[in-house]
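Worksheet: the structure to be examined is printed underneath.
The values are calculated or read from the model by the stated rules, or taken from the named source; none is laboratory data. Keep in mind that what you see is a predicted model, and the values were worked out from it rather than measured. Backbone-built Cβ (ideal geometry, glycine too); neighbour counts: all protein chains shown. These area figures cover heavy atoms from the full protein model, side chains too; ligands, DNA and RNA do not enter into them. Shrake-Rupley method; radii C 1.70, N 1.55, O 1.52, S 1.80 Å.
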Amino acid sequence: MSGTYETKHAETGSAPTPLIEVTGLHKQFASGGRFRRSRRSVHAVDDLAIRIHAGETFALVGESGCGKSTTARLMLSLQQPTSGDIRYKGTPLSMMSEAERRDYRRRVQVVFQDSNSSLNPRKRLGTILTTALTVSGAVADARRAVARAHELMEDVGLSPSASFFDRYPHELSGGQRQRVGIARALAPEPELIIADEPVSALDISVRAQILQLLQRIQRERSVAYLFISHDLSVVRWVAHRVGVMYLGRLVETGPVESVFTRPVHPYTEVLINATPVADPERAQLRHVHVVSGDVPSTTERPSGCPFHPRCPLAVETCRSEVPELLPVGEAHAAACLRATERVEGLRLP
Amino acid sequence: MSPAELQSKTAHPVLAIENLVTEIRSVRGLIRPVDGVSMSFPAGKIVGVVGESGSGKSMTAFSIMQLFPTSAARVAGGRVLLGETDLIGRSPEQMRAIRGSRIGMIFQDPTSFLNPVLTIGRQIEQQLEAHRWTGGPPAGDRGQSYANRVSELLTSVGLPRDVSTRYPHQLSGGQCQRVGIASALACDPDLIIADEPTTALDVTIQAQILRLMMRLQRERAVALMLITHDLGVVAEVCDYVYVMYAGRIVEEGDVRSLFAAPQHPYTRALMSGVLSLTGTGNIGFAVPGSVPDLAAPPSGCRFHPRCPHAMPRCSQEAPPLFDRPSGRSACWLHDEATP
Ligand SMILES: Nc1ncnc2c1ncn2[C@@H]1O[C@H](COP(=O)(O)OP(=O)(O)OP(=O)(O)O)[C@@H](O)[C@H]1O
Ligand SMILES: Nc1ncnc2c1ncn2[C@@H]1O[C@H](COP(=O)(O)OP(=O)(O)O)[C@@H](O)[C@H]1O
Ligand code: SF4
Ligand code: SF4
Ligand SMILES: [Mg+2]
Ligand SMILES: [Mg+2]
């Protein structure tokens, strides 16, 4: 989210230890049908590497089933990775003491797409927030928790807080519930908020309100976001850096500006082309290359480059060789065998 | 279709609704999700109906078909003109015959209208039988001509023919939606109503489906009512657009002019909340509040509690649609008499 992050780093000029660093992350699920014959392993996250700095927004984009939420659950320690490493301020999770782990769980919070299903329907908003405050250890005593809960409500725009304190989640609109979800995530004073499709279920006018709120929170508290979305236009507005996922793998990553204006991976360009533009003068769907084929299933991962069956630029070697994520520009990397040609100007047909 | 046929088909609206009012009896009193709505659907055009959830888009579509999700709903006023005939007051049998033969429907969740225990081919055939489809070769074996028609339809929506022997659960979301389109086209309808047809789909699949709908509409000169909450989709595919808010049309117009110069404060607010792919930085003005509860709609202009330009008059009188260069807009700011 614009502003603070870039300016801060432009001033210091150095690369500090990332807040979170994920390397070689894998998650496999033994899944498939009920019958042994059809049982296959699902490689939901495949050799993922992500780095997020304090105060920065890193977005993960990709189509459904590509592994975005699984990545979120692994980073939240809700699921254990099959292999790989998650470091928090340089310390691997696996090496942490119990106290350090508790601190990690406090500093990394989550906001879901549908706060309705993640809020306890039988608890009043005040109780939801005071519980989050005391359980995390953010405040010591109950009186302080009540005062802090009121402050948080005002902060996220549930104002006047007194009129919301005793309400139940079902007595709120979708946008208001999302504000509660955000207030609850803020309660333990997190350093990273993982927001999994936080505005996808909201109407346009409410979506703009919530995105503005997230931007303001970042300005005021320099919290980092892992912002998960399937909507590129939202990502374009809120993220500093972006990672494009396809079948569990990161296929392109870099600063939002360069990835969106100079995409190197054909899949990134296909996603950009497919995103409707709210300007009839620049309407593109009639003209651009629209990728054929379905969103692939993780149980039937193609050989070689996982994108090759749908890729308009695929050549013979793409069927056998797995492309690695390699630098293609300033902090910009792509996993495509034809990346060099693309950088030199090879266009989609 | 020959150019002459295309020409004659594009002349008049295929369907027009005039002053439509729909009421639902609910525990919280009588609500009017459609309150005096007029729209027109010309052949060969894609007409968008856009609005946030609860603005009455789906209820308008249900009212045209007189097929409601609840028995508490009924059309309480206005006309639905299919050609010269008013559909309001038709018997359920007559409406059943019209739905599916003259008006095709495409829904957000394509699996909801597919029968899980019948093959795709059988389901489309049943529809052809029910409407005694006669578009095929007049003589010969009916069954054979139905089967041919099914293959033809599946091919035209980009599905392999063998999909006809498959069951719904064996298809992906995008494939199901293609079947939905094939089935809406089955009897060569004059109007297709598509209610959020791509909302549940991934963006690459949405692009495929929108392209398909644009192609079919062009080739068959069918009128298409496209209901969506996505202004991007409207800008990409529609010719004309109606903007709905709390059961009423607040603005309408040709897509290019409306996006170039939105007239109504609500339309302007919606557009400032749209995050374009080229934009970056801070999100523009976000209109406060949310869509009102229709059980207790605001008096006068229904947007007045959220409107940055509201005047005393706005809460007293509902503004009519004023003619504007780009179309029409229901706002007192356009009235010469407004002080
Ligand atoms: N517990 C599980 N057991 C088996 N497979 C799983 C499990 N959780 C996720 N998967 C599979 O892992 C893959 C990635 O799922 P994930 O939920 O991370 O996708 P996503 O990118 O968040 O998609 P969406 O955009 O639809 O939310 C999918 O193929 C999914 O079916
Ligand atoms: N099944 C139903 N029972 C009662 N009221 C309904 C039902 N469906 C819709 N409504 C009412 O009609 C209004 C308009 O709904 P709808 O046409 O579905 O909106 P949209 O499609 O624009 O999101 C809603 O505000 C809701 O209150
Ligand atoms: S490696 Fe080949 S198939 Fe994969 S994205 Fe690049 S060109 Fe396409
Ligand atoms: S009529 Fe009044 S309240 Fe309604 S949109 Fe116009 S200025 Fe705003
Ligand atoms: Mg997910
Ligand atoms: Mg609807």
Open item on the list: What are the extents of the Cα atoms of segment A:267-349 along their three principal axes, in Å, largest first?
Closed with: 41, 33, 21
Open item on the list: Between helix A:204-221 and chain A, what is the angle of the helix's C-alpha long axis to the longest principal axis, kept within 0 to 90° and rounded to the nearest 10?
Closed with: 70
Open item on the list: Given the DSSP H assignment, sum -39500 (n - 2.57) over each helix run of at least 4 residues in chain B and divide by its residue total; what's the result at 222 nm in deg cm²/dmol, nearest 500?
Closed with: -9000 deg cm²/dmol
Open item on the list: Can you give me the Rg/Rh ratio for segment B:3-245, using Cα atoms for both radii and the Kirkwood formula for Rh?
Closed with: 0.96
Task: Inter-probe distance in nm under a simple model that places probes 7 Å from Cα toward Cβ, at B:E317 and B:R122 - done: 6.2
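By how many nm would the segment from B:E336 to B:R25 grow when fully extended, if each residue of separation counts as 0.36 nm and the alpha-carbon distance is taken off? Mind dumping the intermediate values first?
Numbers: separation 311, 0.36 × 311 = 111.96 nm, distance 3.84 nm.
Once the chain is fully extended between B:E336 and B:R25, it gains 108.1 nm.
Give the Rg/Rh ratio for chain A, taking Rg as the radius of gyration of the Cα atoms and Rh as the Kirkwood radius, to two decimals.
Numbers: Rg = 21.3 Å, Rh = 21.6 Å.
Rg/Rh: 0.98.
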TODO: Mind listing, in residue-number order, the residues in segment B:218-240 that have at least 20 Å² less accessible area with every protein chain present than in their own chain alone (1.4 Å probe)?
DONE: B:H229, B:G232, B:A235, B:E236
Open item on the list: For B:T165, what accessible surface area do you get with a 1.4 Å probe? Give it in Å², rounded to 10.
Closed with: 100
Open item on the list: If I take every Cα pair under 8 Å that is 6 or more residues apart in segment B:188-339, average their sequence separation and divide by the length, what percent do I get for the relative contact order?
Closed with: 18
Open item on the list: Taking R0 as 45 Å, what FRET efficiency do you get between A:A99 and B:A130 from their Cβ-Cβ distance, rounded to the nearest 0.05?
Closed with: 0.05
TODO: Working from Cα positions, state the angle (0 to 90°, nearest 10) between the long axis of helix A:142-155 and the longest principal axis of chain A.
DONE: 50
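Between beta-carbons, use under 13 Å as the cut-off and find the net charge around B:S290, counting Lys and Arg +1, Asp and Glu -1.
+2
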- [ ] Note down the accessible area of A:H43, probe 1.4 Å, to the nearest 10 Å².
- [x] 40
Open item on the list: Sort B:V27, B:V203 by heavy-atom solvent-accessible area, probe 1.4 angstrom, most to least.
Closed with: B:V27, B:V203
- [ ] Could you pull the accessible area for B:C331 with a 1.4 Å probe, rounded to 10 Å²?
- [x] 10
- [ ] Calculate the length of the line joining the C-alpha centroid of segment B:299-339 to that of segment A:241-279, in whole Å.
- [x] 42
Task: Paired Rg and Dmax values of segment B:263-339, which use every Cα atom, in angstrom - done: 14.1, 41
- [ ] Could you tally up the Lys pairs in chain A with alpha carbons closer than 28 Å? Skip any pair fewer than 8 positions apart unless they're on separate chains.
- [x] 4
Task: Descending semi-axes in whole angstrom, ellipsoid equivalent of segment A:93-152, from the Cα gyration tensor - done: 23, 17, 9
TODO: Mark the label point 7 Å from the Cα of A:Y168 along Cα→Cβ and return the residues of segment A:108-124 whose backbone N is within less than 12 Å of it.
DONE: A:120-124
- [ ] Read phi for every residue in segment B:59-74 and hand back ³J(HN,Hα) as whole Hz from Karplus 6.51 cos²θ - 1.76 cosθ + 1.60, θ = phi - 60°, with x for Gly and Pro.
- [x] 4, 5, 5, 4, 5, 4, 8, 6, 9, 9, x, 9, 6, 7, 9, 7
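When only Cα pairs under 8 Å and 6 or more residues apart are kept, what is the percent relative contact order across segment A:222-291?
Relative CO of segment A:222-291 lands at 21 percent.
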Open item on the list: Suppose the Debye formula is applied to equal point scatterers at every Cα of the protein assembly as shown; what is log10 I(q)/I(0) at q = 0.08, 0.10, 0.11 Å⁻¹?
Closed with: -0.69, -1.08, -1.28
Task: Sulfur and carbon atoms: percent of accessible area, segment B:217-323 [1.4 Å] - done: 53
Task: Mean accessible surface per residue for segment A:157-227, computed with a 1.4 Å probe while every protein chain stays in place, in Å² - done: 31
Open item on the list: Could you put A:K89, B:K57 in order of accessible surface area, largest first, with the 1.4 Å probe and the full protein assembly present?
Closed with: A:K89, B:K57
Task: Zone of A:R286's modelled label, taken as backbone nitrogen in segment B:34-49 under 12 Å from a point 7 Å along Cα→Cβ - done: B:46
Task: Antiparallel content of DSSP bridges confined to segment B:1-134, in %, to 5 - done: 95
Task: Low-density loop positions, GluC sites (Glu not before Pro), segment A:218-285 - DSSP coil, at most 14 other Cβ in 10 Å - done: none
Open item on the list: Over chain A, what is the relative contact order in percent, taking alpha-carbon pairs closer than 8 angstrom and at least six residues apart?
Closed with: 20
- [ ] Give the interface area between chains A and B as buried accessible surface, both sides summed, probe 1.4 Å, in Å² to the nearest 100.
- [x] 4100
Open item on the list: Given a 1.4 Å probe and heavy atoms of the protein chains only, how would you sort B:R122, B:R313, A:R51, A:R262, largest accessible area at the top?
Closed with: A:R262, A:R51, B:R122, B:R313
TODO: Could I have the simple spin-label model distance between B:F113 and B:D162, label points 7 Å from Cα toward Cβ, reported in nm to one decimal?
DONE: 2.8
TODO: Taking H placed 1.01 Å from N in the peptide plane, check which residues at least 5 places from B:C187 or on another chain put their amide H under 5 Å from its amide H.
DONE: none
TODO: Can you list which of the trypsin sites (Lys or Arg not before Pro) found in segment A:245-349 are DSSP loop residues with at most 11 other C-beta atoms within 10 Å?
DONE: A:R347
Open item on the list: Just to confirm the number: angle between the C-alpha axis of helix B:142-156 and the first principal axis of chain B, 0 to 90 degrees, nearest 10?
Closed with: 50
